[in-house]
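Trainee: Dropping a structure here in structure tokens format, bear with me for questions.
The values are calculated or read from the model by the stated rules, or taken from the named source; none is laboratory data. Not measured: the values here are computed from a predicted model. We place every Cβ from the backbone using ideal geometry, glycine too, and count neighbours over all the protein chains shown.
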Amino acid sequence: MNLTLHVWRQAGPDAPGKMVIYEATGVSPEMSFLEMLDVVNEGLTERGEVPIAFDHDCREGICGSCSLMINGVAHGPMRGTATCQLHMRSFKDGDTIYIEPWRARAFRVIKDLAVDRSPLDRIIQAGGFITAPTGSAQDANNILVAKESVDDAMDAAACIGCGACVAACPNASASLFTAAKITHLGLLPQGQSERYRRALKMVQQMELEEFGSCTLHGECQEACPKEISIDTITRMNRDFLRASLLGTRP
Amino acid sequence: MGRLGSFYGSMVGKKVVMGVTGLIGIAYLILHVLGNLLVFRGPTAINSYAHFLKSTGELLWTVRIILIVAVILHVVAAVQLTQQNRAARPIGYTRREPQVATIASRTMRWGGALLLIFIIFHILHFTTGTIRPAGVFSSEDVYANMVTSFRIWWVALFYVIAMVALGLHLFHGAWSSVRSIGVSPKSPQPFHRTVSLLLAVLVWAGFTSIPVAVFVGLVR
Ligand code: HEM
Ligand code: FES
């Protein structure tokens, strides 16, 4: 199949950028979206042009490196799928595809479609960990955890930190990302001792990084390749409110 | 910064304030729409109800002050959050396709601004009698105030339009507020919002019925 691509090109963080049109020819439906870009880049390289920069690593939907706003939808048209797992069979011959980087004040464009997502790392550094010494591996059932808590904690832990929630949010809020980690650790016994401090510190860091606030449009849940629920945001708000009422110190 | 300062200083804190003040507004609106519907039982019913409210004196003023403070906090937080949210994405997308955002969620800001204008107009119109579209006003005869005003097309239309904004605001707000303040139970289908749909439709229909009924001559 043949496609017309409108791709954001920007030489560097401070360089001006613009949408550039490319024709992608001979694309097969079995290709992944990133393979399609690889082919386009080969063509560019052969013509002596600078290939399109985009982030990727595992290409199997687990590392969270790939990004891309595809036709106005974070990670493209397939629900619960990262860009690397999106295949060209989701498009038709002759389609026009807009490809843009994640847009947020907090996510600086490094080059073309690659953005700096280190603000998310700093949110994790602010509280997305436990300090209880866990020692060497214990017997699996030493600490009993309710089935429901395990299920919800593991659903939240599925976050791969790709930043699609920020990209899809009309307010560029990182609430779903932050809430997923607060929920994951806050539901497990090992995460209890810092539960309220964690909520305060992670929310604080999220705001220092100049992400927006949650208006509950729900776009983040739709965009999330791991389909993490906005219920985690309710839980983050609850923990933050409790921490404030309890007078927890950050 | 004190505890309260750092709470309100955070966007999550501001949203809690919006949620709580919004819920206060919703609770009031439910009572308000039920009271107003007395207009369909004739002048005596609604006028004596209005008289009863005014006879409560201090209680009436307590409620009024709570509502005024709630609206001010709600609006101030809305403006601050909107500014922060706009700043969070200085460069937008060439193409963006919202997936699940509703008309309601996307009109909270403009709809809210219209509601603010409406609230001010409404108080000057029916409470203080400062604005008199029909040229007459009586603080004793609420029924007559409604009937004379809503015969005027632009007054009826303004109320009808404002109530559309209110219905949309409530459809999103009733659902989102309980999440903002962290009290909503978890749900396998967070986007199912039967309760807020019901609430929004009933409040909208209740309020809208009055100017419409007067304008078409059902209530005279
Ligand atoms: C009739 C009176 C009003 C009621 C009952 C009401 C109710 C609500 C409720 C329940 C919410 C949801 C809050 C949350 O998600 O935590 C909300 C949100 C909102 N309201 Fe109102 N509201 C009223 C008037 C206004 C006015 C006058 C404005 C105007 C400036 C306004 C602007 C907003 C905005 C912008 C939001 C979205 C805030 C966000 O999510 O960031 N509202 N309102
Ligand atoms: S490249 Fe690793 S998740 Fe897509």
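Trainee: Those residues that are polar (S, T, N, Q), in contact (Cβ under 8 Å) with a residue 40 or more places away in the chain and not in a helix (DSSP H, G or I), I need them from segment A:145-199; list them, please.
Mentor: Those that are polar (S, T, N, Q), in contact (Cβ under 8 Å) with a residue 40 or more places away in the chain and not in a helix (DSSP H, G or I): A:Asn171, A:Ser173, A:Ser193.
Trainee: Among the numbered conditions (1) farther than 29 Å from B:Ser177 by Cβ; (2) surrounded by 13 or more Cβ atoms within 10 Å (Cβ to Cβ); (3) among the β-branched types (Val, Ile, Thr), tell me where B:Val76 comes up short.
Mentor: Tallying (1) farther than 29 Å from B:Ser177 by Cβ; (2) surrounded by 13 or more Cβ atoms within 10 Å (Cβ to Cβ); (3) among the β-branched types (Val, Ile, Thr), B:Val76 fails exactly one: (1).
Trainee: Helices (runs of 4 or more DSSP H) wholly in segment B:1-59 with at least 2 residues that are closer than 18 Å to B:Ala70 by Cβ - which ones?
Mentor: B:3-9, B:11-36
Trainee: Would you be able to tell me the number of residues in segment B:140-199 that are in contact (Cβ under 8 Å) with a residue 24 or more places away in the chain, within 20 Å of A:Ser229 (Cα to Cα) and more than 14 Å from every other protein chain (Cβ to nearest Cβ)?
Mentor: Selection size over segment B:140-199: 0.
Trainee: Give the residues of segment A:214-250 that are of a type outside the set (Lys, Arg), more than 7 Å from every other protein chain (Cβ to nearest Cβ) and part of a loop (DSSP other than H, G, I, E, B), sorted by residue number.
Mentor: If the condition is that a residue be of a type outside the set (Lys, Arg), more than 7 Å from every other protein chain (Cβ to nearest Cβ) and part of a loop (DSSP other than H, G, I, E, B), then A:Cys224, A:Pro225, A:Glu227, A:Ile228, A:Thr248, A:Pro250 are the ones that fit.
Trainee: Say we look at segment A:78-89 and pick out the residues that are in contact (Cβ under 8 Å) with a residue 40 or more places away in the chain and surrounded by fewer than 22 Cβ atoms within 10 Å (Cβ to Cβ); which of these is nearest to B:Arg96 (Cα to Cα)?
Mentor: Within segment A:78-89, the match that is nearest to B:Arg96 (Cα to Cα) is A:Arg79.
Trainee: Would you point out the residue of segment A:53-110, among those that are among the hydroxyl-bearing types (Ser, Thr, Tyr) and in contact with a strand residue (DSSP E or B) (Cβ under 8 Å, 6 or more places away or on another chain), that is nearest to A:Ala174 (Cα to Cα)?
Mentor: Across segment A:53-110, the extreme among qualifying residues is A:Ser67.
Trainee: What are the residues in segment A:198-250 that are of a type in the set (Phe, Trp, Tyr) and out of contact with any Gly (no Cβ under 8 Å at 6 or more places or on another chain), if any?
Mentor: Within segment A:198-250, just A:Phe211 meets the criteria.
Okay, residues lined up against (1) in the same structural domain as A:Asp55 (by TED's automatic domain parsing); (2) among the polar types (S, T, N, Q); (3) within 16 Å of A:Ile130 (Cα to Cα); (4) crowded, with 24+ Cβ neighbours inside 10 Å:
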site	(1), (2), (3), (4)
A:Cys165	no, no, no, yes
A:Ala172	no, no, no, yes
A:Ala179	no, no, yes, yes
A:Ala199	no, no, yes, yes
A:Met202	no, no, yes, yes
A:Glu207	no, no, no, no
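Trainee: Then there's this: Please count how many residues of segment A:1-39 are basic (Lys, Arg) and surrounded by fewer than 12 Cβ atoms within 10 Å (Cβ to Cβ).
Mentor: Number of matching residues: 1.
Trainee: If you scan segment A:18-44, which residues turn out to be of a type in the set (Gly, Ala, Ser) and either closer than 23 Å to A:Met78 by Cβ or within 16 Å of ligand 2 (Cβ to nearest atom) (or both)?
Mentor: Answer for segment A:18-44, where residues must be of a type in the set (Gly, Ala, Ser) and either closer than 23 Å to A:Met78 by Cβ or within 16 Å of ligand 2 (Cβ to nearest atom) (or both): A:Ala24, A:Gly26, A:Ser28, A:Ser32.
Trainee: Let me ask something additional. Given (1) part of a loop (DSSP other than H, G, I, E, B); (2) modelled with pLDDT of 95 or more; (3) within 13 Å of A:Arg198 (Cα to Cα), identify the lone condition not met by A:Thr131.
Mentor: Evaluating A:Thr131 over (1) part of a loop (DSSP other than H, G, I, E, B); (2) modelled with pLDDT of 95 or more; (3) within 13 Å of A:Arg198 (Cα to Cα) leaves (2) as the failure.
Trainee: How many residues, within segment A:45-87, are part of a loop (DSSP other than H, G, I, E, B) and either near ligand 2 (Cβ under 6 Å from one of its atoms) or more than 14 Å from chain B (Cβ to nearest Cβ) (or both)?
Mentor: Total meeting the criteria: 22.
Trainee: Sticking with this one: Cβ contacts < 9 Å: first residue closer than 16 Å to B:Ser10 by Cβ, restricted to segment B:68-82; second residue of a type in the set (A, V, I, L, M) and more than 7 Å from ligand 1 (Cβ to nearest atom), any location; separation 6+ or different chain. Result?
Mentor: B:Leu73/B:Val17; B:Leu73/B:Val20; B:Val76/B:Val17; B:Ala77/B:Val17; B:Gln80/B:Met11; B:Leu81/B:Met11
Trainee: For segment A:199-217, state whether one or more residues are farther than 13 Å from A:Arg122 by Cβ, over 14 Å from the mean Cα position of the chain (by Cα) and away from ligand 1 (no atom under 16 Å from the Cβ).
Mentor: Yes: one or more hits.
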